[in-house]
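Here the structure comes first, spelled out in structure tokens, and everything after it is commentary.
The values are calculated or read from the model by the stated rules, or taken from the named source; none is laboratory data. Note that this is a predicted model, so its numbers are computed, not measured. Positions of Cβ are backbone-derived with ideal geometry, glycine not excepted, and every protein chain shown enters the neighbour counts.
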Amino acid sequence: MTTEGSDNALKGRGAVSICGSAAGRDKPRRRCARTTAHAPFVVRRSLLGVAQTVAVVLLIFALTEALPGDAAVALAGDQPDPARIAAIREAMDLDRPAHERLTDWATGLLHGDFGTSLTSGRPVTRYIADGFGPTLTLAALTLALLVPLGFGLGVLAARHEGGLVDRLVSSVTLAVYAVPEFALGVLLVTVLALKPAWLPPTAVGHGTDLLAHPAVLVLPVLVLLSRPVCSLSRLVRAGMVDALASPYVAHARRCGVPGARVRYAHALPNALAPAVQQLARTVDWLLCGVIVVEALFVIPGLGTVLLNAVAERDVPVVQGLAVVFGVLTVLLNLGADLVAHRLTPRAGVAA
């Protein structure tokens, strides 16, 4: 059976060399060409990431400068003394031009110096180090569960497209996605932590080593998982349905390729590119959602540190944490775009 003509006519990479066509012998040459075409996109996207990081730093400084009121007066207390206000303004360098303060702050950031807290005198990096552990624990556990659950539910629904399982998964994910995180957290605390007392409602008294008290992590991780699992599974399902209906999958089936290999070796890789980008956006959402979750469950992470700093008008701490969140967002989106571009069929042509 001659399939070279049909292989060349098929779009997508799933049909390549499925029936032993001559296209399989050209795979090393195609891989080399695709790598070469991928390089300019990596350079352009990396330069864009640098520009985005600079924009984040400038925006954070501008927003903190535009805050209403006088930070020195707010920090001076209920009955501010003019001498104390003057001392605070000098400590905050508020008597210097804004462009000079921006230059000094940006230079310090390049050297890992995020400034000093106005309320405690501690380096901002100490606040970041203290809160990073609990936040990283929450985010890592959420992602570790999100990937298998999101992809698994999406593939399961796509396998049973239009059937009972598909309708059940779609209905449940849509309903859960519609519930705000804070409302879901309050509901879970009421149902599982207050009346039955099966789980601790907060992390008060458990310190920063959350892994030593796994029961404390159950409710926060459930809240953080709720919306991302729903959005990721629905996106994977849509991508799998489109991939399974594509010509190269039909060709693979005509060649007698087993169903499992068709789904996981040919259809799933083509559905991964948008899912990877959605996963990066999910991590962005986690950076915001963790603030709500940490406040609700009294977890001493970066979100709690940020809320306390805002309440105390501790501008250097707010700026430092905002830079950390902003740079993480830029890096995650950069990595997701590079991976998605690599996974996308014929990405080299688009580059």
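For segment 92-112, a tally of residues being within 27 Å of the chain's Cα centre (by Cα) and either of a type outside the set (Phe, Trp, Tyr) or farther than 15 Å from Val315 by Cα (or both) returns 6. Checked against the criterion of being under 30 Å from Asp130 (Cβ atoms) and free of Cβ contacts under 8 Å to residues at least 12 places away in the same chain, segment 217-228 contains not a single residue that satisfies it.
Look at (1) among the aliphatic types (A, V, I, L, M); (2) under 14 Å from Leu141 (Cα atoms); (3) at pLDDT 80 or above; (4) touching a Phe, Trp or Tyr at 6+ places or on another chain (Cβ under 7 Å) and you find that Val236 fails only one, number (2). The residues on offer are Leu102, Leu174, and the sole one that is within 30 Å of Ala260 (Cα to Cα) and part of a helix (DSSP H, G or I) is Leu174.
Given the residues Val229, Val221, which is the only one that is farther than 14 Å from Phe297 by Cα, of a type in the set (Val, Ile, Thr) and either crowded, with 18+ Cβ neighbours inside 10 Å or in contact with a Phe, Trp or Tyr (Cβ under 9 Å, 6 or more places away or on another chain) (or both)? Result: Val229 is the single residue among Val229, Val221 that is farther than 14 Å from Phe297 by Cα, of a type in the set (Val, Ile, Thr) and either crowded, with 18+ Cβ neighbours inside 10 Å or in contact with a Phe, Trp or Tyr (Cβ under 9 Å, 6 or more places away or on another chain) (or both).
Taking segment 192-233 as the range and being within 27 Å of Gly152 (Cα to Cα), touching a Ser or Thr at 6+ places or on another chain (Cβ under 9 Å) and at pLDDT below 85 as the test, only Leu211 passes. Which condition number does Ala295 fail, the rest of (1) in contact with a Leu (Cβ under 7 Å, 6 or more places away or on another chain); (2) within 28 Å of Ala158 (Cα to Cα) being met? The single condition Ala295 does not satisfy is (2). Among residues of segment 121-132 being out of contact with any helix residue (DSSP H, G or I) (no Cβ under 8 Å at 6 or more places or on another chain) and assigned to a helix (DSSP H, G or I), the one that is surrounded by the most Cβ atoms within 10 Å (Cβ to Cβ) is Arg126. Taking the conditions (1) closer than 29 Å to Leu210 by Cβ; (2) modelled with pLDDT under 90; (3) out of contact with any strand residue (DSSP E or B) (no Cβ under 8 Å at 6 or more places or on another chain) in turn, Ser117 satisfies each one other than (3).
Give, as residue ranges, the helices (runs of 4 or more DSSP H) completely inside segment 240-351 that count at least 1 residues that are crowded, with 17+ Cβ neighbours inside 10 Å and hydroxyl-bearing (Ser, Thr, Tyr).
247-254, 268-297, 302-311, 315-343
Within segment 57-87, if we keep just the residues that are part of a helix (DSSP H, G or I) and modelled with pLDDT under 75, the residue that is farthest from the chain's Cα centre (by Cα) turns out to be Val73.
Between a first residue in segment 276-293 that is under 18 Å from Pro134 (Cβ atoms) and touching a residue at least 12 places away in the same chain (Cβ under 8 Å) and a second residue that is of a type in the set (Gly, Ala, Ser) and in a helix (DSSP H, G or I), which pairs have beta carbons less than 7 Å apart while being 6 or more apart in sequence or on different chains? The qualifying pairs are Leu286/Ala139; Val290/Ala139; Val290/Gly303; Ile291/Gly303; Val293/Gly185.
Would you mind stating whether Pro274 is closer than 29 Å to Val293 by Cβ and modelled with pLDDT of 85 or more?
On the way: closer than 29 Å to Val293 by Cβ: yes; modelled with pLDDT of 85 or more: no.
Taking the combined requirement at face value, the residue does not satisfy it.
For segment 172-192, the condition of being of a type in the set (S, T, N, Q), within 16 Å of Gly289 (Cα to Cα) and either exposed (fewer than 13 other Cβ atoms within 10 Å of the Cβ) or touching a residue at least 12 places away in the same chain (Cβ under 8 Å) (or both) holds for none of the residues.
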